[in-house]
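The values are calculated or read from the model by the stated rules, or taken from the named source; none is laboratory data. Since the structure is predicted, the reported quantities are computational estimates derived from the model, not experimental observations. Neighbour counts run over all protein chains shown; Cβ positions are idealised from the backbone, glycine included.
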């Protein structure tokens, strides 16, 4: 007989909490089937463990709005749970990923670098066989199975473009309340409109200077990654010659992330996002970068909603390809911004790993007052030009 998963540590929590979320689950499964909140916390802890150990896991999602709906067919739900328990181990976790529609199974400790996808294929085969041999044909036609390997599939998004990654679980104790988020968005809109109106003469002057000093467009448009891995068109005043070789920056970023705790500011060595003595940059572009005037068009990104006034800097896709597992959490933490803790703390002088830690600390301790303090400190950081290139 297949033994069922056991979760002693998690089940020390309130039985009432688990029972409230499991009213449609058969009584005999209460002791090991996790409520949505407990399953979310288990998923979060498993991500943290993976970030430390490097051994990944696979999240299996079984979705059915018919078989799993509240007050639905009790026998059908029991059949689903029996199938999932038959293919899982005592160290795996089963529970509501989304109560009443999606059950999740976390298959833990599956492999290190290069082994996870092979392990994921084995899990896929085990789960598929268990489901097809336990459920009827009509029941199988009512379910949808999805398999997600962490960290390889960390940024995989669901069918709706604006939804979170299946791995993202917002568990910070001071999770922002909706009114505060609305105020933050109102600050973004009003602040970006004010900046665009007040800065219009400066915008025109910079645009004319760019056209007079080098051929090419005024604005530089580049794909960047926003929150949950969504891509958007990131705007800057063009500071480089056209048709330049992006491989220079790509190699630079690879070295930067690989040596995240070291930071030497030369062309071939890492410092976050910036290169000194970059041959691709025009003389005017060097001034624009030094004074951060090249960043001004990003107020359009803020107005559109792709960015915020304050938040982590949005990375280039090929940067994210080099992220370690714990680096990737910065893409889930908050919407990207024009300024943030990194910028007011020294910009390019800050080591890459420290920059990521600042982004995570900002998200965990976010408040409107923190945004205001960062905004007030930003002009001094810009005018001092410390760490700017």
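Filter segment 243-293 down to the residues that are at positive phi and at pLDDT below 80 and list them by number.
Those that are at positive phi and at pLDDT below 80: 273, 277.
One residue is enough: does segment 372-388 have a residue meeting the conditions at pLDDT below 85 and under 19 Å from residue 249 (Cα atoms)?
Yes, some residue in segment 372-388 is at pLDDT below 85 and under 19 Å from residue 249 (Cα atoms).
Whether any residue in segment 129-140 is assigned to a helix (DSSP H, G or I) and at pLDDT below 85 is what I want to check.
no
Among the residues of segment 62-93 satisfying the criterion of being in contact with a strand residue (DSSP E or B) (Cβ under 7 Å, 6 or more places away or on another chain) and farther than 19 Å from residue 133 by Cα, which is modelled with the lowest pLDDT?
91
If I filter segment 104-128 down to residues being at pLDDT 90 or above and in a strand (DSSP E or B), which single residue comes out as nearest to residue 55 (Cα to Cα)?
Residue satisfying both the conditions and the ranking: 107.
With respect to residue 207, determine if the residue is assigned to a helix (DSSP H, G or I), free of Cβ contacts under 8 Å to residues at least 60 places away in the same chain and surrounded by 14 or more Cβ atoms within 10 Å (Cβ to Cβ).
Criteria met by residue 207.
Okay, residues lined up against (1) under 29 Å from the mean Cα position of the chain (by Cα); (2) not in a helix (DSSP H, G or I):
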{"site": "202", "(1), (2)": "no, no"}
{"site": "211", "(1), (2)": "no, no"}
{"site": "217", "(1), (2)": "no, yes"}
{"site": "223", "(1), (2)": "yes, yes"}
{"site": "232", "(1), (2)": "yes, yes"}
{"site": "242", "(1), (2)": "no, yes"}
{"site": "245", "(1), (2)": "yes, yes"}
{"site": "248", "(1), (2)": "yes, no"}
